[in-house]
Amino acid sequence: MERFLNSTFQLQQISERLRINFVNFTPYLCSMKLLVLLSFCLGVLAEIAAQSDTMQWKKELETIEIKDRAGSYHKDVLKPIQSLKTLEILSLNTKSTADLLASSGKVFLQKSQQGGGSPIIRGFEANKILLVADNIRMNNAIYRGGHLQNIMSISPILIESIDVLQGPGSVLYGSDAIGGIILLKTKALRWSNEDKSKFNFSILGEYGNQAWNSAHFFQFGKSKWAWTHAFSYSDFFHLKSGSVRSSKYPQWGQNYFERIRVNNMDSLVSSKNTSIQFPSAYRQWDLLEKVGFKSKKLGEHVINFQYSSTTTIDRYDRLSEYKQEIPASAQWYYGPQQKLFVAYEWDKIFHSNLQLKSQFSVQNILESRHNRNWNNAWLKHRNETVDVYQWSFDVIHDLNSLILKYGFDNQWNNVKSEAFQENILTAQTKALDTRYPDGGSQLFLAGLFGIAEKKWSDRFTTDIGLRASYQFLSAKIKDATLFPVPVDHLKQKNTALNYSVGFHSKLWKNSIMSFISSSVFRSPNVDDLAKIFESTEGRLIIPNQDLKPEKIYNQEINFAQMWRTKDIHKFNVTANYFYAFYNDAIVLDVAYINGLDSIDFNGARTRLFSNQNNRNAHLNGFSVDFKYEYKKRFFTDIHVEKTFSRIVNEAEKGLNLDHIPPLFGRFSVKYIVFKNLQCNSWILYNAWKKKSEYNLLGEDNFQYATIDGTPSWMTLNFGVEYQMNSNWQSYAKMENCLDTHYRPFASGISAAGRTFVLGIRYQLKN
């Protein structure tokens, strides 16, 4: 089967918070003129021409249409994509989107805090994974390379589907899509094809011993206009880990002390329950509004408004670190994280075989970090504001056996970084070095792409794609006293040309094999190139203007086979193997100023580090899926995935890259007992990550593991859903039934122990 993920275009974001600096925005405006001209030319070409994968198995090897740039039209084009739909999302995990992906067993999740999570795909993480929400690129200029928890900014209750595209995606999306792409789609508009109106109202409430959630959404649609409203609220408690521990590591992951203030001094008191990861509680709310209008002449127009906010979020991993047998930090938390965007989308079909799409969007992101060392009165505050402006224009031209997709996109990031420190005893404030240059930073990305998909016969299809990309970065330092670096204005320009070639063949009935070769790049962003901050005491990160883009050359083979015995038995087997060469990888290494590797900074001698292109490596891996269905009542699904890596640089030759997860997988069974009742059970499994497999100099967080590494673990989970009538549905879940204590690889917080969830949903629709 194959999925056609149609092209779409970004929407327009407006907000009171969005401030446009016209001086800094000038390069963008100049580029916009060029892109407007290109838009016009592409539209004319498309009109002239008109006048002359998801690996989501449904019932057959069939075409699946999803409005997105990724994917193919032909059912015989095989892509390595994993999909989750609404019912699966509700059945798995509704605590957070990160937990949802972890429960699916198809994506590995690193965790540093409650609710958050950093997806890892094929050994790549954070700014090497592209997040796309409602066809809007979420990666911005300050997405870092470590462990990124930003996927929490969209509630899973508001998500209609998730598609995980494994492997490079630079031809479609440009920079950052090295390991893969995660496509999130929120509740859609519900149009009516008749004179009669359509509506759908749903409300959900669920309570568990780890969190509780509530949400509602409303969809109303007529033939020419539609409206969708959705709201969700989540309250996460202090996470309680499993109590059944390994006899070899009985103390691992236990929280023996809590931090309090006594007589203006930081103090430790014994924890009442050592399994509770205190502090880790927080709250989150999400709002979604979509309004659409369409007509035969003007096409479809959609305005999409989204807002997400949290309370403060404690970094449990940082708070669990000790220095000379005392806590390193008394406070370490993220301030309320807020994301706001408004987007506009236009979609028009001409002559039944020509589709034009355009999107414009504006995002505003607020985030902050706050930390105070143990028994130090100075609380440090670092705040970042990122305004992101995006525009894209796509053309899809369907000529039956030939599909042409081409267009352009661009993104402008404006970063404002502020910092100060305050004395919690006297309320005195003083200056503090900012995380990014205090004079502001800008990042501009633009690209032109084209893809041709040719169906040569019923058995053979090819696709060829090409993309030309451009990047410009600028950052200014105002206060040289805070930043002892020999430059006050950082500039960089990069270009890239990437390709993708695919050959797809039907070997025999209901069997497909494909070979895909592609190149991918990731341009340095503001976090890579312009970050100037003391990451830990005595360790200062400084800019490196010589930083180059990271590059990947990827080859992969995909295979899918389906067997069917009338309507009784169905077997689906899919497999993927990939090999990639990672070139000019960005890693943190020793830096020098005037030949010295250390300077006096904040009254102490501090070593210098910078991001550098100092690593090449090989990666390879595989994934296997097996699905079985019996009489449309019994379903089973097995997924296994593993990535291998080796560094080829002489200094580290033979060592693993960081971010490489152990073998992991999922085994699930679903049984429809009768029409209104179904039972689900699933097992999640992670193999050992031995100390010898860690990259101890990278970001594998060995300090949070045992002395031998991260032990293997397995959890048993069970759920039941009962449809009481056409409107009411109840469900119950018990996750980690055996209350196993475990901690995913590279995580700084233990996973939840035995978790009970009770929920009820009401739905009214016509």
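The values are calculated or read from the model by the stated rules, or taken from the named source; none is laboratory data. Remember, it's a predicted structure, so these values are computed and weren't measured experimentally. With ideal geometry, Cβ positions are generated from the backbone for all residues, glycine too; neighbour counts draw on all protein chains shown.
Of note:
- Subset of segment 321-351 that is touching a Ser or Thr at 6+ places or on another chain (Cβ under 8 Å) and among the small types (Gly, Ala, Ser) - its residue that is farthest from ASN364 (Cα to Cα): GLY335
- Hits in segment 712-734 (condition: under 26 Å from the mean Cα position of the chain (by Cα), of a type outside the set (A, V, I, L, M) and either modelled with pLDDT of 95 or more or part of a loop (DSSP other than H, G, I, E, B) (or both)): SER712, TRP713, THR715, ASN717
- GLU345 being among the acidic types (Asp, Glu) and surrounded by 16 or more Cβ atoms within 10 Å (Cβ to Cβ): yes
- Hits in segment 495-551 (condition: within 24 Å of GLY180 (Cβ to Cβ) and acidic (Asp, Glu)): ASP527, ASP528, GLU550
- Any hit, segment 301-314, residues being in contact with a strand residue (DSSP E or B) (Cβ under 9 Å, 6 or more places away or on another chain), modelled with pLDDT under 95 and in a loop (DSSP other than H, G, I, E, B): no
- Criterion: surrounded by fewer than 18 Cβ atoms within 10 Å (Cβ to Cβ), charged (D, E, K, R) and touching a strand residue (DSSP E or B) at 6+ places or on another chain (Cβ under 8 Å) - qualifying residue of ASP567, ASP589, ASP625: ASP589
- When SER329 is tested against the conditions (1) touching a helix residue (DSSP H, G or I) at 6+ places or on another chain (Cβ under 9 Å); (2) under 26 Å from ALA230 (Cα atoms), the lone failure is (2).
- Criterion violated by ILE260 - all others in (1) in a loop (DSSP other than H, G, I, E, B); (2) surrounded by fewer than 17 Cβ atoms within 10 Å (Cβ to Cβ) satisfied: (1)
- Strands (runs of 3 or more DSSP E) enclosed by segment 188-251 - at least 3 residues per element that are over 20 Å from SER271 (Cβ atoms) and among the basic types (Lys, Arg): none
Per-residue answers, yes or no, for (1) under 20 Å from VAL388 (Cβ atoms); (2) among the acidic types (Asp, Glu); (3) out of contact with any Lys or Arg (no Cβ under 8 Å at 6 or more places or on another chain):
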site	(1), (2), (3)
ASP463	no, yes, no
SER474	yes, no, no
ALA480	no, no, yes
PHE483	no, no, yes
LYS506	no, no, no
LYS509	no, no, yes
PRO524	yes, no, no
ASP527	yes, yes, no
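- Test for ASN510: is it touching a strand residue (DSSP E or B) at 6+ places or on another chain (Cβ under 6 Å) and on the phi > 0 side of the Ramachandran plot: yes
Table: residues versus (1) buried (at least 21 other Cβ atoms within 10 Å of the Cβ); (2) over 30 Å from MET513 (Cβ atoms); (3) at pLDDT 95 or above.
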{"residue": "LEU443", "(1), (2), (3)": "yes, yes, yes"}
{"residue": "LEU448", "(1), (2), (3)": "no, yes, yes"}
{"residue": "LYS454", "(1), (2), (3)": "no, no, no"}
{"residue": "PHE460", "(1), (2), (3)": "no, no, no"}
{"residue": "ASP463", "(1), (2), (3)": "yes, no, no"}
{"residue": "LEU473", "(1), (2), (3)": "yes, yes, yes"}
{"residue": "LYS476", "(1), (2), (3)": "no, yes, no"}
{"residue": "LEU482", "(1), (2), (3)": "no, yes, no"}
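- Any hit, segment 313-329, residues being under 30 Å from LEU356 (Cα atoms), crowded, with 18+ Cβ neighbours inside 10 Å and not hydrophobic (A, V, I, L, M, F, W, C): no
- Residue in segment 684-702 that is nearest to PHE108 (Cα to Cα), counting only those that are in a loop (DSSP other than H, G, I, E, B) and not polar (S, T, N, Q): ALA687
- Criterion violated by VAL291 - all others in (1) surrounded by 16 or more Cβ atoms within 10 Å (Cβ to Cβ); (2) more than 24 Å from the chain's Cα centre (by Cα); (3) at pLDDT 95 or above; (4) within 30 Å of ASP163 (Cβ to Cβ) satisfied: (1)
- Looking only at residues in segment 568-617 that are farther than 18 Å from GLU699 by Cα and among the acidic types (Asp, Glu), the one that is modelled with the highest pLDDT is ASP597.
- In segment 646-700, the residue that is nearest to the chain's Cα centre (by Cα) out of those that are among the small types (Gly, Ala, Ser) and farther than 22 Å from GLY748 by Cβ is GLY665.
- Considering segment 506-536, and only residues there that are in a loop (DSSP other than H, G, I, E, B) and among the basic types (Lys, Arg), the residue that is surrounded by the most Cβ atoms within 10 Å (Cβ to Cβ) turns out to be LYS531.
- For beta carbons closer than 7 Å, sequence separation of 6+ or different chains, a first residue in segment 232-255 that is among the β-branched types (Val, Ile, Thr) and a second that is not in a loop (DSSP other than H, G, I, E, B), the qualifying pairs are VAL244/THR740.
- Of the strands (runs of 3 or more DSSP E) contained entirely in segment 537-647, those carrying at least 1 residues that are aromatic (Phe, Trp, Tyr) and touching a Ser or Thr at 6+ places or on another chain (Cβ under 7 Å) fall at 550-565, 604-630.
- Residue match in segment 653-668 (condition: farther than 25 Å from SER246 by Cβ and assigned to a strand (DSSP E or B)): yes
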